[in-house]
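Each remark here refers to the structure printed beneath this line.
The values are calculated or read from the model by the stated rules, or taken from the named source; none is laboratory data. Note that this is a predicted model, so its numbers are computed, not measured. Neighbour counts are summed over all protein chains in view; Cβ atoms, including those assigned to glycine, are modelled from backbone coordinates with ideal geometry. To get the accessible areas, we keep the full protein, side chains included, count just its heavy atoms, and leave off ligands, DNA and RNA. Shrake-Rupley method; radii C 1.70, N 1.55, O 1.52, S 1.80 Å.
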Amino acid sequence: MDSNAAKTRAPRRRAAALVCIIALAAAVGIFGAHLIPHDWRAPVRPALLQSTAALFGHSASGPASFADIVDAVKPAVIGVQTKRSESSEEQSTSPANRFFFGAPPVAPDVPEGQGQHPRRTVTTQGSGFFISADGYAVTNNHVIEGSKTAEIQTDDQKTYTAKVVGSDPISDLALLKVDGRSDFAFVRLADEMPRVGDWVLAVGNPFGLGGTVTAGIVSARERDIGGIASDSLLQIDAPINKGDSGGPTFDLGGRVVGVNMMIFSPSGGSIGIAFAIPAPTVRTVVSQLKEKGSVSRGWLGVQIQPVTAEIADVLGLKQAQGALVAEALADGPAAKAGVTSGDIITSVDGTPVKDASALSKTISRTAPGTPVKLGVLREGKERSIALALGELPLPTQAPAAGGEDHGTDQPETMGRGDVPDLGLKLVPADRIAGAGEQGVVVTGIDPRGLWAERGFELDDIILEIGGKSVKTPAELEGALSEARSAGKRTVLLRLKSGDSMRFLTAPVG
């Protein structure tokens, strides 16, 4: 068949089919009219469509105006500015350089004095909001850190001096107080958390501009950001930028659902991933700050980590659940009660512990001195340990890492005899100043080695393998050979990384 003829006939066939469909529809209308009752009514619109129409007003093309909400809440939002003195070393080790917070130091003044790390005065700009008519206001701890007072500017461009009532570096919250007035506009904290997909408004002081409003949705809940905060965070996609830290995020009822804390950003600008401290945490922390200027939390005195599927397999567990104790601090309540490294905490007062994060939240929300009963799994056997919680110490800034002298001993590269090349260069810890007497120190990592991608870092100290202590590379090799002879494919290692303990799984080769 001629191809041009086929191309010509195809549209004709489609047109004919369309005519047939239209004719059939007309026929149904004509002949079906006699089958429809005279009192027939169109079915009611689905509830989902009705609620959507109510949300978007008369048009489904976008949200109804936020103007009324903004008019109601904006007078309670403030700009917060402080000045403090810090060294270049303190700036480089600040949490703000690991995660981009909304208020990094700006406008440096002339350095104070000379030296390796000269100090200078820096100005921080952030946001906050009044929670009472008599001048109590909330902001981030990192906005006012190191200051006893802050300068605030209200929406009507008036400036006041506020004193810092108290601050909490763990939750990154601070409470300010402006004296002399009892008629400040203020907002309230929400009683219920928004759902993922709910609209939210963020009001703050980006780049010092003041009174800026952005909108978005709740994109996730219960985010745990690597120990940066004591509680799960609210994730929003409303644009948050420099200076928005400490500002409120509102629901459509004008209630504060979170306090803007930080963003993830490879460039320093908003990419739509911001995190806010949830209202329940704010309520609890602010109450204690107002009462005593600080926050008390329960403390077990353990370093814990998740029970991964690999760890569960090595330990012979049926499921990856609970919190693995990497270290029980000698002066902590848990160690004194008999908890030891390698234990898995499975429950608190009979309530199952899902993971390490859940245990941390449960303990931190419990008052110091409270008696608790821990369910513990040790070497496959369950036991119960009773203790009274201590009080969580305030975090201290770890000293900056420096290039330590590792001595003149030549490191040994693992991999002799029946042990494959692990890719680690190891030196006994007792030959390196400050490394202690136990374990072997990782002084080099070969990316081609068997253990190169298991999560080892330089200066890690391997303390135990399969529950047995090691002091030399030879002892580590011997333990691996024994594990291999016993038919094991994976071993559990206990490490010291800086001031923290942790477990790693690694193949025996």
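Within region 146-169, the set of residues being touching a helix residue (DSSP H, G or I) at 6+ places or on another chain (Cβ under 8 Å) and outside any strand (DSSP E or B) comprises Thr154, Asp155, Asp156, Pro169. Checked against the criterion of being more than 27 Å from Leu394 (Cβ to Cβ), modelled with pLDDT of 90 or more, open to solvent by 30 Å² or more (accessible area, probe 1.4 Å) and of a type outside the set (D, E, K, R), region 100-115 has no qualifying residue.
A single entry from Val282, Val286 fulfils the requirement of being within 25 Å of Ala356 (Cα to Cα), hydrophobic (A, V, I, L, M, F, W, C) and in a helix (DSSP H, G or I): Val282.
With respect to the conditions (1) outside any helix (DSSP H, G or I); (2) among the small types (Gly, Ala, Ser); (3) over 30 Å from Thr149 (Cβ atoms), Ala335 falls short on a single one, namely (1).
Restricting Ser481, Ser469 to those that are open to solvent by 60 Å² or more (accessible area, probe 1.4 Å), polar (S, T, N, Q) and touching a residue at least 12 places away in the same chain (Cβ under 8 Å) reduces the list to Ser469.
Set side by side, the residues Lys177, Lys163 differ, and just one is surrounded by fewer than 17 Cβ atoms within 10 Å (Cβ to Cβ), at pLDDT 95 or above, closer than 19 Å to Val77 by Cβ and not hydroxyl-bearing (Ser, Thr, Tyr), which is Lys177. Consider region 301-331 and keep the residues that are polar (S, T, N, Q) and in a loop (DSSP other than H, G, I, E, B). The one that is surrounded by the most Cβ atoms within 10 Å (Cβ to Cβ) is Gln321.
If I ask for residues that are closer than 26 Å to Thr82 by Cβ and buried (at least 18 other Cβ atoms within 10 Å of the Cβ), which ones from region 187-217 would you list? Result: Val187, Leu189, Leu201, Ala202, Val203, Gly204, Asn205, Pro206, Gly210, Gly211, Thr212, Thr214. Given the condition out of contact with any strand residue (DSSP E or B) (no Cβ under 8 Å at 6 or more places or on another chain) and among the β-branched types (Val, Ile, Thr), answer yes or no: does some residue in region 344-354 qualify? Yes, region 344-354 has at least one match.
Give region 447-458 a look and list any residue that's in contact with a strand residue (DSSP E or B) (Cβ under 9 Å, 6 or more places away or on another chain), open to solvent by 40 Å² or more (accessible area, probe 1.4 Å) and in contact (Cβ under 8 Å) with a residue 24 or more places away in the chain, or say none.
Looking only at region 447-458, we keep the residues that are in contact with a strand residue (DSSP E or B) (Cβ under 9 Å, 6 or more places away or on another chain), and these are 449-452, 454-458.
Cutting the leftovers down to open to solvent by 40 Å² or more (accessible area, probe 1.4 Å) gives us 450, 454, 457-458.
Within region 447-458, Leu450, Arg454, Glu457 meet the criteria.
Looking at Val256, Val295, can you tell me which residue is within 25 Å of Asp355 (Cβ to Cβ) and either buried (at least 16 other Cβ atoms within 10 Å of the Cβ) or out of contact with any strand residue (DSSP E or B) (no Cβ under 9 Å at 6 or more places or on another chain) (or both)?
Val295 is the lone residue from the list that is within 25 Å of Asp355 (Cβ to Cβ) and either buried (at least 16 other Cβ atoms within 10 Å of the Cβ) or out of contact with any strand residue (DSSP E or B) (no Cβ under 9 Å at 6 or more places or on another chain) (or both).
Checking each residue in region 421-446 for being farther than 19 Å from Arg489 by Cα, open to solvent by 40 Å² or more (accessible area, probe 1.4 Å) and over 33 Å from the mean Cα position of the chain (by Cα) picks out Lys425, Asp430, Arg431, Ala433, Glu437, Gln438. Among the numbered conditions (1) at pLDDT below 80; (2) part of a strand (DSSP E or B), the only one that Gly210 does not meet is (2).
Just need a number here: residues in region 221-237 that are open to solvent by less than 50 Å² (accessible area, probe 1.4 Å) and modelled with pLDDT under 90.
Of the residues in region 221-237, 6 are open to solvent by less than 50 Å² (accessible area, probe 1.4 Å) and modelled with pLDDT under 90.
In summary, Lys496 fulfils each of the numbered conditions (1) buried (at least 20 other Cβ atoms within 10 Å of the Cβ); (2) without any contact (Cβ under 8 Å) to a residue 40 or more places away in the chain; (3) not aliphatic (A, V, I, L, M) with the single exception of condition (2). For beta carbons closer than 6 Å, sequence separation of 6+ or different chains, a first residue in region 199-214 that is within 17 Å of Val187 (Cβ to Cβ) and a second that is open to solvent by 50 Å² or more (accessible area, probe 1.4 Å) and among the aromatic types (Phe, Trp, Tyr), there are no qualifying pairs. Scanning region 238-262 for residues that are of a type in the set (Val, Ile, Thr) and at pLDDT 90 or above turns up Thr249, Val256, Val257, Val259. In region 351-380, which residues are open to solvent by 50 Å² or more (accessible area, probe 1.4 Å), at pLDDT below 90, among the charged types (D, E, K, R) and out of contact with any Pro (no Cβ under 9 Å at 6 or more places or on another chain)? Across region 351-380, the qualifying residues are Arg365, Glu379. Within region 478-500, the set of residues being over 19 Å from Gly434 (Cβ atoms) and under 38 Å from the mean Cα position of the chain (by Cα) comprises Ala479, Leu480, Ala483, Lys488, Arg489, Thr490, Val491, Leu492, Leu493, Arg494.
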